[in-house]
1. State which residue is surrounded by the fewest Cβ atoms within 10 Å (Cβ to Cβ) when the search covers only the range 7-39 and only residues that are assigned to a strand (DSSP E or B) and modelled with pLDDT under 85.
2. Take the residues in the range 52-70 that are touching a helix residue (DSSP H, G or I) at 6+ places or on another chain (Cβ under 9 Å) and among the aliphatic types (A, V, I, L, M); name whichever of them is surrounded by the fewest Cβ atoms within 10 Å (Cβ to Cβ).
3. Here are Thr219, Thr188: which of them is touching a helix residue (DSSP H, G or I) at 6+ places or on another chain (Cβ under 8 Å) and surrounded by fewer than 20 Cβ atoms within 10 Å (Cβ to Cβ)?
4. Only residues in the range 247-267 that are in contact (Cβ under 8 Å) with a residue 12 or more places away in the chain count as the first member; pair them with residues that are crowded, with 20+ Cβ neighbours inside 10 Å and among the basic types (Lys, Arg), Cβ under 6 angstrom, at least 6 apart or cross-chain, and list the lot.
5. Which numbered condition in (1) out of contact with any strand residue (DSSP E or B) (no Cβ under 6 Å at 6 or more places or on another chain); (2) at pLDDT 95 or above is the only one that Ala166 fails?
6. Could you identify the single residue in Phe241, Phe245, Phe261 that is at pLDDT below 90, over 16 Å from the mean Cα position of the chain (by Cα), of a type outside the set (S, T, N, Q) and assigned to a strand (DSSP E or B)?
7. Can you tell me which residue is farthest from Tyr183 (Cα to Cα) among those in the range 82-131 that are charged (D, E, K, R) and part of a strand (DSSP E or B)?
Amino acid sequence: MKKITLIICLLMLFTIGSNYAQSAWIKGQGNGYFQVAFHSISGYNSLFNRDGDAIELARQINDRTAQLYGEFGLTKNLTLVANLPYKFLQAGSAQIATPIIEEGSLNTLGNVSLGLRHKIYSGGVSISGQVDVQANTSSYDDKTGLRSDLDAWSVTPTISLGKGSANSFFQVFAGYAWHSNDYSDHLTIGGEAGTKIFNKHWLIGFVNMYNSLENGNRTEEFNNVLTGLFLNNQEYVSFGFKGIFYFQRNFGLNIGMGGAFSGHLVAAAPALSLGFFYEIKD
């Protein structure tokens, strides 16, 4: 099968790990950041495989997410982080002669997460540590094979280091994602750098790695394999650009687009995204 170049438009919240959720900086006490975004991967019928070939699916899949994200400074050294995704999933037209799974939809929560970020050091560079707990609030419909997230609890400790000025910044992070229910754990590593443009907006480049340790022995439901949604051992190495555009001092728009050096068991399709944010800041 012909190898496919992996090109993905990345939702700001899909890649939020490198921009906010694993940030080296905390919010000041009483300060906050709140975002709503919509993410759509529409009409795909194959997954990328680590050998570069495509894995064909039984039906055309639409994967759309409305997502709320927030950070709030509890103290001068501690920030609360929350993430709530709501999934709109659809198994559409058949891609093989006998698709087995039914045509249909599933609208439900993904896995909700809460985290705490603590300042470790603030001098020439900023260092923070964070622990995120992702609850198993997802759903699965066996008739359609649609799943809204991993069928697991996840705990992800992360450490981040960053340095910034009024007009530029860079940061790197590394974390370990533990998953329950026989899913494999993951290493997550990434970095980004940004520069201010037109005095108030930001252009950011990033690289992220999400790598499976393949230490889980989960047996996937057969119908779930036919849709390819949230399978065990998914992984990718991604890169791209993000833009943050301010309409007012506290209100603006996030957009992002990028690609990947490699991917395994992830959708072979572009994604579209749009996010709006509001900040509480001194």
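The values are calculated or read from the model by the stated rules, or taken from the named source; none is laboratory data. For clarity, every value in this text was computed on a predicted model and none was experimentally measured. A quick note on method: Cβ atoms are made from the backbone with ideal geometry, for glycine too, and the neighbour counts reach across all protein chains shown.
1. If we filter the range 7-39 for residues that are assigned to a strand (DSSP E or B), which is where we start, we get 7-8, 32-39.
Of the ones still in play, those that are also modelled with pLDDT under 85 are 7-8.
Details: Ile7: 14, Ile8: 25.
Across the range 7-39, the extreme among qualifying residues is Ile7.
2. Ranking the candidates gives Ala58 first.
3. Unique residue meeting the criteria: Thr188.
4. Gly256/Lys242
5. That leaves (2) as the condition not met.
6. None of the others qualify; the one that does is Phe261.
7. So, considering only residues that are charged (D, E, K, R) and part of a strand (DSSP E or B), the one farthest from Tyr183 (Cα to Cα) is Lys119.
Every residue, every condition in (1) out of contact with any His (no Cβ under 7 Å at 6 or more places or on another chain); (2) buried (at least 16 other Cβ atoms within 10 Å of the Cβ); (3) more than 30 Å from Asn31 (Cα to Cα), yes or no:
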| site | (1), (2), (3) |
| --- | --- |
| Leu213 | no, no, yes |
| Gly263 | yes, yes, yes |
| Ala267 | yes, yes, yes |
| Gly275 | yes, yes, no |
